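Take a look at the structure below.
The values are calculated or read from the model by the stated rules, or taken from the named source; none is laboratory data. These numbers come from a predicted model, not from an experiment. Note that each Cβ is placed from the backbone with ideal geometry, even for glycine, and that neighbours are counted across all protein chains shown. Protein only, heavy atoms only, side chains kept; ligands, DNA and RNA dropped before computing areas. Shrake-Rupley method; radii C 1.70, N 1.55, O 1.52, S 1.80 Å.
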Amino acid sequence: MQPAELSALLLCFSLLMYVLLDGTDLGVGMLFFWFGEEKQRELMSHSILPIWDANETWLVLFAGGMLALFPAVYSLVLSSLAVPVFIILLSLFGRALALEYRAEATVRLRRWLDRLMAVGSALAAFTQGWCAGVIITPQPDGSINLAAIMSGLGVMTIYMLLASCWIRWRIGDSVFPLAGAHAWMWWIITLLLSIALLLLNPSLWLQCWQRPFGKVIIIMMGLSWALQLFTLCRGNALWLLIMTLTLITTTLAGVICAVYPWIIPGQVNLYQNASSLVTQQVILIGAAVMIPLTLIYHTWSFWIMKGQHPK
């Protein structure tokens, strides 16, 4: 495997870890719209408070790695998507402010912080999906990019599905009796949005299917959907969470397989726009040290918390 491919794999892994981990946190924030009781919101915020900032480490690794390994991509994204990127960062800042100061706020201020938590999480999730849709399915200037809008909505719903699974597993149905119904609702909406995105951009998944590894990925995606339905019917929150994480992983892998060797389809090539070989080697050596340490820290955090359910 060439250094440019390893560099791209590093960025993809960092992006995947951010989506899986902080996506769950953003989903919990968006569920503040649906769970209005103070006890419920307190438990939801406590379930992610010890880990949310560590989850954002992967976003820092992704952005820093892109700047060092593929500066052309970094420049193009910031120049063409400067406003959406600013909105994402501002929304994440608002989410962090609401989450960290919620416990110290007065009752009145806490209500406003809860609204900020929900709105900031929703705006960050939608904008992330919208940016992905714009990059993958660019449209002529002046036209409405329906695929990008649907992608933004799809990211919101999959994050809320993750969050529904998380609070059912982490806190329990006894406190959130409607959590199972929310898992069903967001699973159905996510499935419908996924079908809509498939119809809007069928060439993407056709390209994936035409590659041997892509066939394996698409089959795994189908199995993930089927197993999600099975675990929903059985009511197993942990396995539903695992299957949802698997579905997100296979979906991202399918998109990567489809657009390879492009980073931004039709604009930035993986091999022609990578940084110098020396730079890639230095970053990859550093990543070989930092990523295992980060994974160990995450594993340790979850291990410490696994038996400490919020009260």
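Remarks
- Computed magnitude of the charge dipole of segment 90-226 (debye, nearest 20; Cβ of K, R +1, Cβ of D, E -1): 220 debye
- Cα long-axis angle, helix 277-305 against the chain (0 to 90 degrees, to the nearest 10): 20 degrees
- Among GLN2, ILE88, LEU99 - extreme Cα towards positive end, dipole of the chain, charges at beta-carbon: LEU99
- Compared with the dominant principal axis of the Cα atoms in the chain, helix 237-259 is inclined by about 20°.
- Global form of segment 140-221, assessed from the alpha-carbon gyration tensor, a/c cut-off 1.5: oblate
- Net charge, LEU26 excluded, C-beta distance under 14 Å - Lys, Arg +1, Asp, Glu -1: -3
- Among GLY64, GLY129, GLY23, residue whose mean-square fluctuation peaks in a GNM of the chain (springs only between Cα atoms under 10 Å): GLY64
- Rg and Dmax [Cα atoms of segment 194-293; Å; Rg one decimal, Dmax integer]: 17.5, 52
- Shape analysis of segment 173-220 yields a ratio of the Cα radius of gyration to the Kirkwood radius, Rg/Rh, of 1.23.
- Loop-resident trypsin sites (Lys or Arg not before Pro) (DSSP state other than H, G, I, E or B) in segment 11-117 with no more than 14 further Cβ atoms inside 10 Å of their Cβ are absent.
- Helix 146-170 and the long axis of the chain differ in direction by around 50°, with both axes built from C-alpha atoms.
- Remark: segment 211-228, residue by residue, has Karplus-estimated 3J(HN,Hα) of 9, x, 5, x, 4, 4, 5, 5, 5, 5, 4, x, 5, 5, 4, 5, 5, 4 Hz, where x stands for each Gly or Pro and the curve is 6.51 cos²θ - 1.76 cosθ + 1.60 at θ = phi - 60°.
- By average C-beta atoms within 10 angstrom, highest first, the peptides 12-20, 266-274: 12-20, 266-274
- The chain: most fluctuating residue of SER75, SER164, SER47 per GNM, C-alpha cutoff 10 Å: SER75
- Correct choice for Rg/Rh (Cα atoms, Kirkwood Rh) that was computed from the model, options (i) 1.07; (ii) 1.01; (iii) 0.96: (iii)
- Charge dipole magnitude, Cβ of K and R +1, D and E -1 - the chain, Cα centre, debye nearest 20: 500 debye
- A cut-off of 5 Å between modelled amide H atoms, ignoring neighbours fewer than 5 places along the same chain, links ILE263 with VAL268, ASN269, LEU270.
- VAL60 exposes around 100 Å² of accessible area when a 1.4 Å probe is run over every protein chain in place.
- Translational diffusion of segment 1-85 was estimated from the Stokes-Einstein equation, with Rh taken as the Kirkwood radius over Cα pairs; at 10 °C and 1.306 mPa s the coefficient is 107 µm²/s.
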